[in-house]
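Readers should treat all values here as calculations from the given coordinates under stated rules, not as data from a laboratory. Quantities reported herein were computed from a predicted structural model and do not represent experimental measurements. Cβ: placed from backbone, ideal geometry, glycine included. Neighbour counts: every protein chain shown.
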Amino acid sequence: MEIDRGTKDQLLGQIGDAIEAGNPELSVSLVKTALASIAPTEILDVLQIRIKKVGTLFEDHILFLPELYSAALAMQACSDVLQPELVKLGTQKRQGKVVLGTVENDIHDIGKNIVGTVLKANGFEVFDIGVNCPADKFLDKAVEVQADIIAMSSLLTTTMPEIADIIEKLKGMKPRKPILTMVGGAPITQEFADRVGADGFSSDAFGAVKVASRLLSEKHA
Amino acid sequence: MDQMTARERYKAFIEGRMPDRVPIDPMLESIFPMAQIGKSAATYYRDSDACAEGSVETWRRYGFDIIQLGCSLPQYLELLGGTWSCPEDGYPMAGDPVFKSVEDIERAEPKDVRKSPAFRVIIDAISKVRDQVGDEALVCCRCPGTFNLMRHLIGTDLMFRSLAQNGELIEKAADFACDLLIDAGKAYAEAGAEIVWYPDACSSTAFISPEHYEKYAMSRHARFFTAMKKEGLITAYHPDGNEYGILCQVKSIPNIDIYHMSQEVDMGIVRAVYGKNARLYGNLGGHTCLLMKTPDEIEKETRDIIKKAGAYGKFVMSPAINMPGRTPPENLRAMIEAAKKYGRYPIK
């Protein structure tokens with residue numbers, strides 16, 4: 001179905017606004033309507049521009065975690081609707097596979113959930129293994145799904161050593177393709193990440209997307 | 001040489017008189033005091049004798065001024081039929097959230113905290129600590145903040161989505177959490193606590209906007225502190241993250257005696273904004289300084305903080321949040337000794 005430029009721009013604008021407002025129901029409904037007349041790649045472009053804008057507003061302390069999280073959930077819901085259409089067109093782009101979890105004896109999930117949601121919203125395939133995860137759970141899942149990255153979260157100073165343990169165990173394994181590691185959480189610093197041999201560190205969710213993207217491009221270079 | 005007991009020093013701080021030196025509160029949780037008596041961290045939450053013994057022994061051994069005790073967030077779930085557990089050498093962990101909807105909250109009938117086994121341990125421990133220290137020191141109880149507790153009651157996902165879209169659930173859950181905390185504070189006061197420390201990271205601007213803070217958090221914080229003042233408790237508020245975004249709002253909440261700042265803020269700026277009569281706690285980095293740095297570095301940072309905020313006698317030297325449990329003992333000593341060395345009044 002053909003629509004005129006003005007109607008198309010209006011519909012894409014409404015989708016973007018629904019993403020920014022963090023409204024998954026409305027944004028999905030609008031995307032479904034739009035798919036009747038607009039190419040999925042064009043819709044995806046709008047989603048990506050708007051989620052990037054949300055990230056910038058978050059970094060500038062204009063939006064906060066609930067808004068960021070809800071926008072990422074809306075983006076993810078729309079991506080799920082677009083996915084089959086993009087596959088049909090052969091333009092589906094997956095950034096990479098990430099196994100994500102909070103380490104053993106730590107049940108903090110805020111950072112992990114936000115990172116997972118924002119990674120998904122940015123095209124990563126995320127396997128969230130939950131909280132209180134022993135090393136083997138990370139490693140088994142990473143091997144099972146042939147992950148590119150293991151992302152570990154720790155919010156307690158008492159559980160930070162678990163990260164070192166997972167990285168050590170990973171070094172002792174010989175996966176079919178190399179698996180990179182990322183770390184984050186309130187007490188985690190770049191210094192700590194370097195000390196335990198993690199490949200990447202970020203203090204926030206959008207930083208995690210940048211780090212994951214960089215790691216993958218370096219890996220594939 | 002100290003000229004006051006810990007209790008006299010803290011009372012002077014509260015009453016606006018000049019203490020002999022800056023009081024010190026290391027804000028200890030379970031792991032460090034239990035290690036001092038050779039017990040696992042989990043023992044703190046199941047054995048009131050050990051909890052009291054570890055707390056008092058650590059206080060005597062290190063020579064600080066406040067003894068702090070309290071249940072942690074996961075134990076509140078037990079009051080509502082939820083679960084929690086504690087690794088032998090770690091911090092307590094919460095089970096699943098207990099509420100999924102407004103209706104769940106309206107149906108819930110919390111038990112009296114005094115009848116909860118987990119709370120009974122801490123309530124009894126407070127009582128035992130009071131018996132052991134007598135008039136030498138004050139006991140502070142921990143009541144984790146309203147939004148912190150709400151996050152455990154309804155879960156992170158639902159809390160964030162509701163803040164963005166469904167105010168009713170937030171209103172109900174926040175009221176419920178606040179009521180529960182008031183009940184805990186009263187029980188601790190009955191047992192002999194004289195100070196209540198109330199940290200609330202989840203309502204800080206590290207999590208939510210200043211608009212949401214004003215809309216949902218401030219009235220609950222005010223209600224909590226007003227209820228605690230009625231119990232005769234000294235009230236301490238720890239906004240716990242990005243305080244710059246809400247400095248003025250925090251100052252306008254009634255019935256707060258003490259403001260405890262996190263490490264993101266400069267204590268000199270807080271002193272300038274809040275004035276020389278404000279009672280301040282702060283703000284040595286927990287994991288970034290006490291846990292990771294050397295005693296020499298800790299001494300220097302402690303001295304700098306005292307210089308910025310301690311000159312008027314209305315200041316307690318403390319970490320920016322509870323001291324990490326695995327902090328090397330020599331690092332805790334470095335903070336305490338530096339506070340005694342550089343915090344002696346008059347401060348030059």
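Taking the charge dipole of chain B about its Cα centre, with +1 at Lys and Arg Cβ atoms and -1 at Asp and Glu Cβ atoms, the residue from B:Leu247, B:Thr205, B:Trp84 reaching farthest to the positive side is B:Leu247.
Relative to the longest principal axis of the Cα atoms of chain B, the long axis of helix B:156-165 lies at roughly 70 degrees.
Of all lysines in the structure, the ones whose alpha carbon falls short of 19 Å from that of A:Lys174, not counting any fewer than 8 places away in one chain, are A:Lys97, A:Lys137, A:Lys141, A:Lys219. Built from the Cα atoms of segment A:99-221, the convex hull projects on average onto 6.5 nm², one quarter of its surface area.
In this structure, the pairs whose alpha-carbon distance is over 18 Å, taken from A:Lys169/B:Lys39; B:Lys39/B:Lys340; B:Lys276/B:Lys307; B:Lys300/B:Lys348, are A:Lys169/B:Lys39; B:Lys39/B:Lys340. Considering only alpha-carbon pairs that sit under 8 angstrom and 6 or more positions apart, the relative contact order computed for segment B:211-348 is 21 percent. Which entries in the list A:Lys53/A:Lys120; A:Lys53/A:Lys88; B:Lys215/B:Lys308 go over 23 Å, if you measure between the two C-alpha atoms of each? Too far apart for the 23 Å limit: A:Lys53/A:Lys88; B:Lys215/B:Lys308. The peptide list A:99-111, A:11-23, A:77-89, put in order of mean Cβ contacts within 10 Å with the highest first, becomes A:99-111, A:11-23, A:77-89. For the protein assembly as shown, the fraction of alpha-carbon pairs lying more than 43 Å apart is 22 percent, rounded to a whole number.
Among A:Gly184, A:Gly90, A:Gly55, the residue with the largest mean-square fluctuation in a Gaussian network model of chain A, with springs joining Cα atoms closer than 10 Å, is A:Gly90. Relative contact order, whole percent, for chain B stands at 19, derived from Cα pairs under 8 Å and 6 or more residues apart. A viscosity of 1.567 mPa s and a temperature of 4 °C, combined with the Kirkwood radius over Cα pairs in Stokes-Einstein, give a translational diffusion coefficient for segment A:19-147 of 83 µm²/s. Taking the longest Cα principal axis of chain A as reference, the axis of helix A:24-34 is set at about 50 degrees. The trypsin sites (Lys or Arg not before Pro) of segment B:104-185 that DSSP puts in a loop, and whose beta carbon has at most 14 other beta carbons within 10 Å, are B:Lys111. Per residue, the convex hull around the alpha carbon atoms of chain B comes to 117 Å³.
Based on the Kirkwood radius over alpha-carbon pairs, what is the Stokes-Einstein translational diffusion coefficient of segment B:70-120 at 20 °C with 1.002 mPa s viscosity, in µm²/s?
Values: Rh = 11.7 Å.
So the translational diffusion coefficient is about 182 µm²/s.
Across segment A:8-17, rounded Karplus estimates of 3J(HN,Hα) from the backbone phi angles (6.51 cos²θ - 1.76 cosθ + 1.60, θ = phi - 60°) give 4, 4, 5, 5, 5, x, 5, 4, x, 5 Hz, Gly and Pro being marked x. Across chain A, C-alpha contacts under 8 Å between residues 6 or more apart give a mean separation that, scaled by the residue count, equals a relative contact order of 16 percent. Over the C-alpha atoms of segment A:1-67, the Rg to Rh ratio, Rh being the Kirkwood estimate, stands at 1.02. Between 0 and 90 degrees, the angle of helix A:65-89 with respect to the longest Cα principal axis of chain A falls at about 70 degrees. Per residue of peptide A:55-66, the mean number of Cβ atoms on other chains within 10 Å of the residue Cβ is 4.
Our helix-only sum for chain A, with -39,500 (n - 2.57) per DSSP H run of n ≥ 4 divided by its residues, gives a mean residue ellipticity at 222 nm of -19500 deg cm²/dmol. Peptide B:81-93 has a mean shielding of 3, counted as Cβ atoms of other protein chains within 10 Å of each residue's Cβ.
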